[in-house]
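Since the structure comes first, as C-alpha cells, the remarks are kept for the end.
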Amino acid sequence: MEVDKWKEFAAERACEFVEDGMRVGLGSGTTVQRIIRALVRRRSRAKFVPASSSTEELARRSGLNLIPLETPELDLVLDGADEVDPEFNALKGKGGALTREKILCHAAKKVILVVDRTKLVRTLGGPVPVEVLPFALTFVGRKLEELGGEPRLREVSGSPFLTDNGNYILDTAFGKIRDPVKLEREINQMPGVIENGIFPRAADEIVVGHEGGASVVRGRRQFLSLLKSF
C-alpha cells in the first residue's frame, strides 16, 4: 500500500536526526515500529526510552540500547500521531500510550512527529482518547458528555482495553476541535482523568512521508503549502 511506503520514507528521514550518544524517547504505533527497524539498520548507538510496553519489547528484541527515564531531559523524541494541524497541535492515543508519550514530550529538548501525509488536517476532529481511572469511569463519562463529548469505552474482545498503566480509555467524539489548548485543559481538570490525547503545539518539527519521499515541516506556512499540494 502507498501509505506503508510513505511511513517508511518518513521513518528513514526521521532517523537522520538521531546522533550517537543522544537520549531519545520513542513513542508507539506503526510508524515508530518502522523507526526502530530503521535505527537498527543504521546501527544507532543512541540510548532510547520507550513510551509503551510494545515499543519496549520491539526495541529490546531489535538490540537497541534502552534506558529508563531517569534524567529530567531527553535530547529528542520521535513519535507518530493520528492527526496534526497547521499549529502543530496533534491527536494521539490510538495505541493507548498517550500518558507516557506526553511525559516524554515534556521531558525532551526537541519533539519530532513522524507521520504519513494522510495525518495532516486543517482542523483536529477525531475522537479524543481519554485515559481514566476505572473507579471514575462513569463519573468521567458524564463529565465528558457535559462538555459536549460522546464518550465510548474502548474494548478488546468484549473487555475494556487496559493501558500500560492499568487504566481505561474513553474515546470521545467532539466533532471539529476549534480550540485544542482549551479542550485539553478542560478534560484534564476532571477528577479521575489521567491524561488525554490532545497534544497542544506538540512538535518542533514534523516529518511527513508522501509520494517520492519525505519532507521536514517547520512552520504553519510550509505545512499548509504541503497540505495543498496533495
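Could you please let me know if Arg13 is touching a residue at least 12 places away in the same chain (Cβ under 8 Å) and more than 18 Å from the chain's Cα centre (by Cα)? So Arg13 does not fit the description; no. Does Val130 satisfy the condition of being at pLDDT 95 or above and either over 17 Å from the mean Cα position of the chain (by Cα) or exposed (fewer than 13 other Cβ atoms within 10 Å of the Cβ) (or both)? No: the conditions fail for Val130.
Would you check which residues across region 98-139 are part of a strand (DSSP E or B) and either over 22 Å from Lys7 (Cα atoms) or not acidic (Asp, Glu) (or both) and list them?
Step one: of region 98-139, the residues part of a strand (DSSP E or B) are 108, 111-116, 120, 128-132.
Matches in region 98-139: Ala108, Val111, Ile112, Leu113, Val114, Val115, Leu120, Val128, Pro129, Val130, Glu131, Val132.
May I ask you to say which residue of Gly175, Gly148, Gly158 is farther than 17 Å from Ile198 by Cα and either touching a Phe, Trp or Tyr at 6+ places or on another chain (Cβ under 6 Å) or small (Gly, Ala, Ser) (or both)?
Details: Gly175 fails: farther than 17 Å from Ile198 by Cα; Gly148 fails: farther than 17 Å from Ile198 by Cα.
Exactly one of Gly175, Gly148, Gly158 is farther than 17 Å from Ile198 by Cα and either touching a Phe, Trp or Tyr at 6+ places or on another chain (Cβ under 6 Å) or small (Gly, Ala, Ser) (or both), namely Gly158.
Scanning region 46-66 for residues that are over 14 Å from Gly27 (Cα atoms) and among the hydrophobic types (A, V, I, L, M, F, W, C) gives Ala46, Leu64.
Among residues of region 206-230 that are aromatic (Phe, Trp, Tyr), those with a Cβ under 7 angstrom from a residue that is not in a strand (DSSP E or B), sequence gap 6+ or separate chain, pair up as Phe223/Pro86; Phe230/Arg117. The set of residues in region 195-230 being under 19 Å from Cys105 (Cα atoms) and either surrounded by fewer than 20 Cβ atoms within 10 Å (Cβ to Cβ) or more than 19 Å from the chain's Cα centre (by Cα) (or both) consists of Pro200, Arg201, Asp204, Glu205, Val216, Arg218, Gly219. When we screen Arg178, Arg185, Arg152, Arg142 for residues that are of a type in the set (D, E, K, R), part of a strand (DSSP E or B) and outside the structural domain of Gln222 (by TED's automatic domain parsing), the only hit is Arg152.
The values are calculated or read from the model by the stated rules, or taken from the named source; none is laboratory data. The structure presented is a predicted model; accordingly, all values stated were derived computationally and were not measured. A quick note on method: Cβ atoms are made from the backbone with ideal geometry, for glycine too, and the neighbour counts reach across all protein chains shown.
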